[in-house]
Amino acid sequence: MTENAHATVTPSGIEIDLSQVPAPVAAAIDTLDAERAPQIAVDLGLTLDEYETVKATLGGREASLTELYVYSLMWSEHCSYKHSKRQLRRFPSEGPDVMQGPGENAGVIRVGDGWAVAFKMESHNHPSAIEPFQGAATGVGGIVRDIFTMGARPIASLDSLRFGMLDKARQRYLFEGSVEGIGSYGNCLGIPTVGGEVYFDEAYEGNCLINAMCVGVMREEDLTRAVGSGPGNPVVLLGSTTGRDGIGGASTLASQEFDEAAENKRPAVQVGDPFTEKLLIEVCLELLQRGGFVALGDLGAAGLTSSASEMASRGGVGIDLDVRKVPAREDGMRPFEVMVSESQERMLGVVTPENLDDVMATCERWGVRCAVIGSITDTGRFVVHDGDLPAGQDIVADMPAALLADAAPVYDPAFRRPAYLDEVAEYNPYHLLLESTVVDLSAVLLTMLASPNVCSRRWIWEQYDHQVQSGTVVLPGADAAVVRVGLPGRGAVTNRGIALASDCNGRYCYLDPYVGAQIALAEASRNVSCVGARPAAITDCLNFGNPEKPEVFYMFKEAVRGLSDACKVMGVPVVSGNVSLYNESFSQPIHPTPVVGMVGIIDSLDEVCTASFKQAGDTIILVGETHDELGGSEYLKHVHDVTAGTIPRLDLGLEMDVQSTVRDAVRMHLLSSAHDCSDGGLAVALAESCISGHLGCEVALDDGLEPVASLFSETQSRILVSLSDDKVEEFEKLVGKHAVPWSVLGTVGGERIGIEGKVDVGLGEAAHIFDVTLEDLVNQVD
Amino acid sequence: MAATSAATATAVAPSVSVTTRRPRFGVVSFPGSNCEQDAVNALRFIGYSAEFVWHRSTSLDGFDAIVLPGGFSYGDYLRCGAIARFSPVMEAVIAFADAGGPVIGFCNGFQVLTEAHLLPGCLIRNENLHFICKSVVLRVEDSTCEWVDLAPGTVTSLPVAHNEGNYTCDEATLARLRANHQVVLRYCEPDGSTALGGSAPNGATDDIAGICNEAGNVFGLMPHPERVTDGVNGQTQGAAFFTAIARRIERGVAR
């Protein structure tokens, strides 16, 4: 394949400039024989073409066993994003507030007055589907490490969860276990879990989704990157010992579909130790604060392998490690086992020789294990030694560090529009509208409030410590959580805040991936706008099925295109993210679920609004207007068990106008409440504002629609607000200025939720159903 | 159940470093503590001096009162607080308490105080076997506790966040706690009554949320007053759990 003396194109299409490949360090290396090597490569998940590329990066020789493990992990879908990389380049990732975009452990944005926040969302779907408690717990642990690695103190977590319906015992086990796992880990760390969302749908029965987002705060000057530098600098490993747990977790679990043998993969799920992680947070932040590290990175998927090679390749340096200097949890671990172990709660640091004593002493003081396991070199090679072997024969891997990261194959998978999209789009719920004149709509509203996708999430967030760190301004259950910006431990408390929300309606994305993904952004943005925050940036977690199936890849491509187009229009950069593919069981993919995690900025915590009605007599106004858009709605799904139809349209211009109207109104202290209309439509939004405010309402909906559409249509770009009479005139002027449609619906007060001619429900009854549904579903007996 | 609906922030003042000599609070940091920064911040917000005390410290010289904060000391993988009580600092805390020095422990701190036998009874797993984080309604009892600045019978609310807050003791201990006026706080209904079968969210014996020792200088409670002191979520009622002891210290009563 060699085209000239200096360049080669590998079978998997990677161009390698041989003159740029740093020379090997090892005089000789114990390679696999030419017959066995390709077989083992295939067993480890590489294709034969990919193995040929491996050989090309190694100068044409066969790989050693350790090298083969390292390459197979680095080039797994989970670590290399080989199927998704080209699509992800669509995302806008720059903006005036962005300090660090994708490519690091987390994205970082400025939030004003010299403060910055680091945030990222990551999936732990596959481990959680096998062992929900530890899977979810270690998911939290992993994302938290990504945040403090950047120099930020983690101040909030959110979790975006998807399960099958809770009438199945297995789903209850997964749901309960995941919630308990998230709680047990996050509570112990003292990081408040302030928000997130959960949906239940048959589509997630075989593959639950556990997406964890963490947000950390720092001063701008504290930003640290995982870029190795300074040949001769010691490389240290902090935290837990390294064992055989979690070997190949990310590669074997997260890069394949599930089948009957899934239970046998349980040993590939790691076990969490939040106490050690808590100590790691404190010791790392203390050391970063006084410049103790040249670079710091966490050990996540593919363990030491990925952390060390990425650190070296980012810095354009080499790295030498000795597996026998890695504190081992068990005897007789082979070099490749040490390199690929996914034992949790470990951090890799580069320190200067002068700082080494301080690092060791600080770790000792906190009771954190710290070992020098190697050093940064100028060879450009990632070299692994086995100190048990005689000198001169001790090198078990000798790889070009940059190529290991950069020469990973990139694919353009085939795609094909799924035939079902046309079928579902043809569905017209019109006949249901006609039926609605005879049904009892009060009963339907109560039924909707008892939908697992609508009812109160209290049962979940009461198990999460959502107030530790004493910075939670708006508690869970609101449109978005609000957290105070500051570092109280360093005596710095501010009056600035950030608003956090995560959103994605997978059913919309299943019916229309382009618009569905845009709605995820619009809704997250609307949620932070409702509390008064300016949408600043997002992280995303793209959960899809097997990308090697053309129909699945079409959905992925369309969702990415939709989300990136919407981000560009709304001026919201994507600063970090994660892709989780192969979410399939028995060949059934999940609903496409591109979850958006949004950070909004609040300049003054005196200007914050919540969803609950505050005082009787307030005027209720709908900003935006309702159309006949029941396609894909929660009403269709929950009441009629139909997932079909055309999902609501999204006019991004109108969306932005509605949001800025409400943000301005919050800033001007005009509003008593603001609440997004989403799942379940206007009727559910009204009920939620009533229930959380312990106040009823009397409204009339004169939208000319059939009653069911009027109540439950999920038209986008609508926000329900309430305000006292003396503020209505000023609000009218503001809405006029923004030229958005609006209407007065009625007034707050009384003990009933009254919608003229349609609904009359006692507040107590509605509140009770809304409150107890989730707990009852969890506690049901088969 | 108390309303847990979201509230907006009102007064949020920057924490300032206070130069006042007294009272000076020491807030112990065990490995795994995670409310020590909140406690220091709350105390400084009220205007007191507050410093961290490392768990390996053996001296509490210069402190007027000691706070054992919440969290998961040593991960609480064993019984909560069971390892922390063997920290070097605990010998000093016991000596400090024995000499009449005021000590407060909330949440994990309360658990550590019972493990150290500075307070009777123990905190076992919540009755529903779940972690519970919410605002609870509490009634201030007529007790000998020197820490609380609220009249007996006052109904207030504080957040709780614990997995093991189910206060348990034997009959004789309970009788002594009652007779000696050592029950400081009880979980209750919004009107101050206690429900038939109990108002405690965690199953606590006799709805007990907080107790003190016979002398009244050592106080343990499951709720978190430090979380509702600086007004971050519109609430400041937690300050009343620190101001009374500070006044005593200023008057020179405590030690």
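Take the conditions within 22 Å of the chain's Cα centre (by Cα), open to solvent by 10 Å² or more (accessible area, probe 1.4 Å) and in contact (Cβ under 8 Å) with a residue 60 or more places away in the chain and apply them to A:Gly597. Does it pass? Reasoning before the result, please.
Details: within 22 Å of the chain's Cα centre (by Cα): yes; open to solvent by 10 Å² or more (accessible area, probe 1.4 Å): no; in contact (Cβ under 8 Å) with a residue 60 or more places away in the chain: yes.
Considered against the rule, which asks whether it is within 22 Å of the chain's Cα centre (by Cα), open to solvent by 10 Å² or more (accessible area, probe 1.4 Å) and in contact (Cβ under 8 Å) with a residue 60 or more places away in the chain, A:Gly597 comes out as no.
Please specify each residue of segment A:147-199 satisfying the condition of being among the charged types (D, E, K, R) and farther than 16 Å from A:Trp459 by Cβ. So that I can check it myself, show each step before the final result.
Step one: list which residues in segment A:147-199 are among the charged types (D, E, K, R), which gives A:153, A:159, A:162, A:167-168, A:170, A:172, A:176, A:180, A:197.
If the condition is that a residue be among the charged types (D, E, K, R) and farther than 16 Å from A:Trp459 by Cβ, then A:Arg153, A:Arg162, A:Asp167, A:Lys168, A:Arg170 are the ones that fit.
Checking A:Phe91 against (1) at pLDDT below 90; (2) not in a helix (DSSP H, G or I), only one condition comes out false. Which one?
(1) is the only condition that A:Phe91 fails.
Could you check segment A:337-365 and list, in sequence order, the residues that are open to solvent by 20 Å² or more (accessible area, probe 1.4 Å) and either aromatic (Phe, Trp, Tyr) or farther than 18 Å from A:Val271 by Cα (or both)? Spell out how you get there, then give the answer.
Keep residues of segment A:337-365 that are open to solvent by 20 Å² or more (accessible area, probe 1.4 Å), which gives A:337, A:352-358, A:360-361, A:364-365.
Correct list: A:Thr352, A:Pro353, A:Glu354, A:Asn355, A:Leu356, A:Asp357, A:Asp358, A:Met360, A:Ala361, A:Glu364, A:Arg365.
Tally time: how many residues in segment A:391-428 are closer than 30 Å to A:Pro335 by Cα and open to solvent by 20 Å² or more (accessible area, probe 1.4 Å)? If you could, list the steps in order and put the result at the bottom.
Within segment A:391-428, the subset closer than 30 Å to A:Pro335 by Cα is A:391-410.
Retained after the next criterion (residues that are open to solvent by 20 Å² or more (accessible area, probe 1.4 Å)): A:391-396, A:402-403, A:405-406, A:410.
Result for segment A:391-428: 11.
Under 22 Å from A:Pro573 (Cα atoms) and in a loop (DSSP other than H, G, I, E, B), is that true of A:Leu630? Lay out the reasoning, then the answer.
Working: under 22 Å from A:Pro573 (Cα atoms): no; in a loop (DSSP other than H, G, I, E, B): yes.
When the stated conditions are applied, A:Leu630 does not pass them.
Restricting the search to segment A:610-620, which residues are touching a Leu at 6+ places or on another chain (Cβ under 7 Å) and either under 15 Å from A:Val684 (Cα atoms) or of a type outside the set (A, V, I, L, M) (or both)?
Going residue by residue through segment A:610-620, those that are touching a Leu at 6+ places or on another chain (Cβ under 7 Å) are A:613, A:616, A:618-620.
Selection gives A:Phe613, A:Asp618, A:Thr619, A:Ile620.
Is it the case that segment B:228-237 has a residue that's open to solvent by 10 Å² or more (accessible area, probe 1.4 Å), in contact with a helix residue (DSSP H, G or I) (Cβ under 7 Å, 6 or more places away or on another chain) and part of a helix (DSSP H, G or I)?
Yes: one or more hits.
Every residue in segment B:238-255 that is in a helix (DSSP H, G or I) and more than 15 Å from B:Ile104 (Cβ to Cβ), please. Walk me through how you get there before you give the answer.
Taking segment B:238-255 first, the residues in a helix (DSSP H, G or I) are B:238-251.
Matches in segment B:238-255: B:Glu250, B:Arg251.
Considering only residues that are over 24 Å from B:Phe242 (Cα atoms) and assigned to a helix (DSSP H, G or I), which ones fall in segment B:188-225?
B:Thr205, B:Asp206
Give me the strands (runs of 3 or more DSSP E) completely within segment A:145-246, filtered to those with at least 2 residues that are within 30 Å of A:Gly491 (Cα to Cα) and more than 14 Å from chain B (Cβ to nearest Cβ), ordered by residue number.
Numbers: elements: A:153-163, A:193-200, A:209-219, A:234-239.
Here the list reads A:153-163, A:209-219.
Please specify each residue of segment A:474-486 satisfying the condition of being at the interface with chain B (Cβ under 7 Å from one of its Cβ atoms) and under 11 Å from A:Ala533 (Cβ atoms). Walk me through how you get there before you give the answer.
Step one: of segment A:474-486, the residues at the interface with chain B (Cβ under 7 Å from one of its Cβ atoms) are A:474-475, A:477-478, A:484.
Passing the criteria: only A:Val474.
Just give me the residues in segment A:613-651 being surrounded by fewer than 24 Cβ atoms within 10 Å (Cβ to Cβ) and within 14 Å of chain B (Cβ to nearest Cβ), in sequence order.
Of everything in segment A:613-651, those that are surrounded by fewer than 24 Cβ atoms within 10 Å (Cβ to Cβ) and within 14 Å of chain B (Cβ to nearest Cβ) turn out to be A:Lys614, A:Gln615.
Can you tell me which residues in segment A:375-390 are open to solvent by 20 Å² or more (accessible area, probe 1.4 Å) and out of contact with any Pro (no Cβ under 7 Å at 6 or more places or on another chain)?
A:His385, A:Gly387, A:Asp388, A:Leu389, A:Pro390
Condition first: in contact with a Leu (Cβ under 6 Å, 6 or more places away or on another chain) and not in a loop (DSSP other than H, G, I, E, B). Now tell me which residues in segment A:364-381 satisfy that.
Taking segment A:364-381 first, the residues in contact with a Leu (Cβ under 6 Å, 6 or more places away or on another chain) are A:366, A:368, A:370-371, A:373-374.
Those that are in contact with a Leu (Cβ under 6 Å, 6 or more places away or on another chain) and not in a loop (DSSP other than H, G, I, E, B): A:Trp366, A:Cys370, A:Ala371, A:Ile373, A:Gly374.
Name the single residue, out of those in segment B:50-59 being of a type outside the set (Asp, Glu) and surrounded by fewer than 21 Cβ atoms within 10 Å (Cβ to Cβ), that is nearest to the chain's Cα centre (by Cα).
Pass one, segment B:50-59, residues of a type outside the set (Asp, Glu): B:50, B:52-59.
The next check asks that each one be surrounded by fewer than 21 Cβ atoms within 10 Å (Cβ to Cβ); those that pass are B:52, B:54-59.
Details: B:Phe52: 17, B:Trp54: 19, B:His55: 18, B:Arg56: 22, B:Ser57: 21, B:Thr58: 22, B:Ser59: 22 Å.
Among them, the one singled out is B:Phe52.
If you take the residues in segment B:137-157 that are open to solvent by less than 10 Å² (accessible area, probe 1.4 Å) and in a strand (DSSP E or B), which one is nearest to A:Gly183 (Cα to Cα)? Full working, then the answer.
To start, the set of residues in segment B:137-157 that are open to solvent by less than 10 Å² (accessible area, probe 1.4 Å) comprises B:138, B:140, B:147.
Retained after the next criterion (residues that are in a strand (DSSP E or B)): B:138, B:140.
Working: B:Leu138: 25, B:Val140: 30 Å.
Going through the qualifying residues, I end up with B:Leu138.
If we only count helices (runs of 4 or more DSSP H) wholly inside segment A:680-782, which ones have 3 or more residues that are within 23 Å of A:Glu625 (Cα to Cα)?
On the way: elements: A:681-693, A:707-712, A:725-738, A:763-779.
Output list reads A:681-693, A:707-712, A:725-738.
Can you list the strands (runs of 3 or more DSSP E) lying wholly within segment A:429-540 that have 2 or more residues being free of Cβ contacts under 8 Å to residues at least 24 places away in the same chain, over 26 Å from A:Leu650 (Cα atoms) and open to solvent by 10 Å² or more (accessible area, probe 1.4 Å)? Before the answer, list the steps.
Working: elements: A:472-474, A:481-487, A:492-503.
In segment A:429-540, A:492-503 are the strands (runs of 3 or more DSSP E) which contain 2 or more residues that are free of Cβ contacts under 8 Å to residues at least 24 places away in the same chain, over 26 Å from A:Leu650 (Cα atoms) and open to solvent by 10 Å² or more (accessible area, probe 1.4 Å).
State yes or no: is A:Val368 within 16 Å of A:Val326 (Cα to Cα), crowded, with 20+ Cβ neighbours inside 10 Å and touching a helix residue (DSSP H, G or I) at 6+ places or on another chain (Cβ under 9 Å)?
Values: within 16 Å of A:Val326 (Cα to Cα): yes; crowded, with 20+ Cβ neighbours inside 10 Å: yes; touching a helix residue (DSSP H, G or I) at 6+ places or on another chain (Cβ under 9 Å): yes.
Answer is yes for this residue.
Search segment A:278-309 for residues being more than 29 Å from B:Ser29 (Cβ to Cβ) and modelled with pLDDT under 90, and hand back the single one that is nearest to the other protein chains (Cβ to nearest Cβ).
A:Ala301
Suppose we filter B:Val103, B:Val160 for residues that are in contact with a Pro (Cβ under 9 Å, 6 or more places away or on another chain), touching a residue at least 60 places away in the same chain (Cβ under 8 Å) and either under 16 Å from B:Val218 (Cα atoms) or buried (at least 21 other Cβ atoms within 10 Å of the Cβ) (or both); which single one remains? Give the steps one after another, and end with the answer.
Values: B:Val103 fails: in contact with a Pro (Cβ under 9 Å, 6 or more places away or on another chain).
None of the other options fit; the residue is B:Val160.
Kindly list the number of the only condition in (1) open to solvent by less than 20 Å² (accessible area, probe 1.4 Å); (2) closer than 17 Å to B:Phe106 by Cα; (3) within 14 Å of chain A (Cβ to nearest Cβ) that fails for B:Val218.
For B:Val218, the exception is condition (3).
With respect to A:Asp167, determine if the residue is crowded, with 21+ Cβ neighbours inside 10 Å and modelled with pLDDT of 95 or more. Walk me through how you get there before you give the answer.
Working: crowded, with 21+ Cβ neighbours inside 10 Å: no; modelled with pLDDT of 95 or more: yes.
No: the conditions fail for A:Asp167.
With respect to B:Gly198, is the statement that it is free of Cβ contacts under 8 Å to residues at least 12 places away in the same chain and either under 25 Å from A:Thr472 (Cα atoms) or surrounded by 15 or more Cβ atoms within 10 Å (Cβ to Cβ) (or both) true? Break it down stepwise before answering.
Details: free of Cβ contacts under 8 Å to residues at least 12 places away in the same chain: yes; either under 25 Å from A:Thr472 (Cα atoms) or surrounded by 15 or more Cβ atoms within 10 Å (Cβ to Cβ) (or both): yes.
Considered against the rule, which asks whether it is free of Cβ contacts under 8 Å to residues at least 12 places away in the same chain and either under 25 Å from A:Thr472 (Cα atoms) or surrounded by 15 or more Cβ atoms within 10 Å (Cβ to Cβ) (or both), B:Gly198 comes out as yes.
Going through A:Met121, A:Met99 one at a time, which residue ends up being outside any helix (DSSP H, G or I) and under 20 Å from A:Ser80 (Cα atoms)? Spell out how you get there, then give the answer.
Numbers: A:Met99 fails: under 20 Å from A:Ser80 (Cα atoms).
Step by step, each of A:Met121, A:Met99 is checked, and only A:Met121 is outside any helix (DSSP H, G or I) and under 20 Å from A:Ser80 (Cα atoms).
Does A:Gly332 count as under 23 Å from the mean Cα position of the chain (by Cα), under 16 Å from A:Thr242 (Cα atoms) and away from chain B (no Cβ under 14 Å)?
On the way: under 23 Å from the mean Cα position of the chain (by Cα): no; under 16 Å from A:Thr242 (Cα atoms): yes; away from chain B (no Cβ under 14 Å): yes.
In short, no.
The values are calculated or read from the model by the stated rules, or taken from the named source; none is laboratory data. All figures in this text were calculated on a predicted structure; none of them were measured in a lab. All Cβ positions, even for glycine, are placed from backbone atoms using ideal geometry, and neighbour counts span all protein chains on display. Accessible surface is based on the protein model in full, side chains and every heavy atom, while ligands, DNA and RNA are left aside. Shrake-Rupley method; radii C 1.70, N 1.55, O 1.52, S 1.80 Å.
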